[in-house]
Structures are given as structure tokens and as C-alpha cells.
1. Work through the residues other than residue 53 whose Cβ is under 9 Å from its Cβ and net out their charges, Lys, Arg +1 and Asp, Glu -1.
2. Calculate the length of the line joining the C-alpha centroid of segment 1-66 to that of segment 69-114, in whole Å.
3. Can you find, among 100, 17, 70, the residue farthest towards the positive end of the dipole of segment 7-108? Put +1 on the C-beta of Lys and Arg, -1 on that of Asp and Glu.
4. If you place +1 on the Cβ of every Lys and Arg and -1 on the Cβ of every Asp and Glu, how big does the dipole about the Cα centre of segment 52-114 come out, in debye to the nearest 20?
5. Spelling out what I want: for every residue of segment 90-98, take phi, set θ = phi - 60°, compute 6.51 cos²θ - 1.76 cosθ + 1.60 (Karplus), and round to whole Hz; glycine and proline get x.
6. Which residues' amide hydrogens lie under 5 Å from the amide hydrogen of residue 86, considering only partners 5 or more residues apart or on another chain, with H built in the peptide plane?
7. Would you kindly derive the ³J(HN,Hα) couplings of segment 22-28 from the backbone phi angles with the Karplus curve 6.51 cos²θ - 1.76 cosθ + 1.60 (θ = phi - 60°), listing them in order in whole Hz, with x for Gly and Pro?
8. Could you work out the relative contact order of segment 18-80? I mean the mean sequence separation of Cα pairs under 8 Å and 6+ apart, divided by the number of residues, in percent.
Amino acid sequence: QVQLVESGGGLVQPGGSLRLSCAASGSILRIKFMAWYRRPPGKQRELVAWINSGGNRNYAASVKGRFTIFRDNAENTVTLQMDSLKPEDTAVYYCAPFNWGGSWGQGTQVTVSS
């Protein structure tokens, strides 16, 4: 099973940007869909963005137009570029295959606050 490690979170002001990275311990080439999820404080984990092995992207309505997901099958990485951040984007962000039912990584904390 591929292990995934998220990084890049932090504290940012509203309107700012962050770039999250997800590094896989093995190849992600055969994982058709990779995704970013988040769990806001006191809420359940939700799907944020997903990308297939061909580079087709999809987004939750709440982040569409502000977030961009990338994947690099050669480097085994998945990236989430987050722009125009809002306080409601505050959450722990996780990287995982789409429809993941396995164990989760530690995630990376994103806090949007002035």
C-alpha cells in the first residue's frame, strides 16, 4: 500500500495562497483518481478536488475557481494550489485516492485567519 505524506499547510490571511504537497512512497501511476480532502473543525471530512491519471480535474463547488489540483506521475506527487483563501477553508487537508476507504495520513493544517 502506498503511503502518502502531506505538507505545506500553515497560517495565512484571507485572500492569501498556499501550496500543499503530497508525496507518495511508491508509484501513483496505477491509481486512476487521486484526491485532496479536508476536515474542517468539528465537521466531517469532505472531498475538495480530484484528478485522474490523464490530468482531468474536478472540484467541489466551494473551491472551484480558487483551487487547482496537479499530479506528477513521474515524481509521485499530488499538489493543491489554493488561492483566494477564505476563513471557511480552515481545515486539516489530506491526500488520498478517490473514494478511499483505507487509513489516512496525518494531514496538514491550514488556518485562514486575520
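1. Values: positive: 30, 32, 71; negative: none.
Summing Lys/Arg as +1 and Asp/Glu as -1 gives +3.
2. So the separation of the two Cα centres works out to 3 Å.
3. 100
4. Numbers: 5 positive and 5 negative charges, 34 e Å.
Charge dipole of segment 52-114: 160 debye, to the nearest 20.
5. 4, 4, 8, 9, 10, 10, 6, x, 4
6. Answer set, sorted by chain and number: 15.
7. Working through the residues one at a time gives 10, 10, 9, 6, x, 6, 9 Hz.
8. 39
The values are calculated or read from the model by the stated rules, or taken from the named source; none is laboratory data. None of the values given here were measured: they were computed from a predicted structure. Heads up, the Cβs are rebuilt from the backbone with ideal geometry, glycines too, and the neighbour counts pull from every protein chain shown. The accessibility values were calculated without ligands, DNA or RNA, using every heavy atom of the protein model including side chains. Shrake-Rupley method; radii C 1.70, N 1.55, O 1.52, S 1.80 Å.
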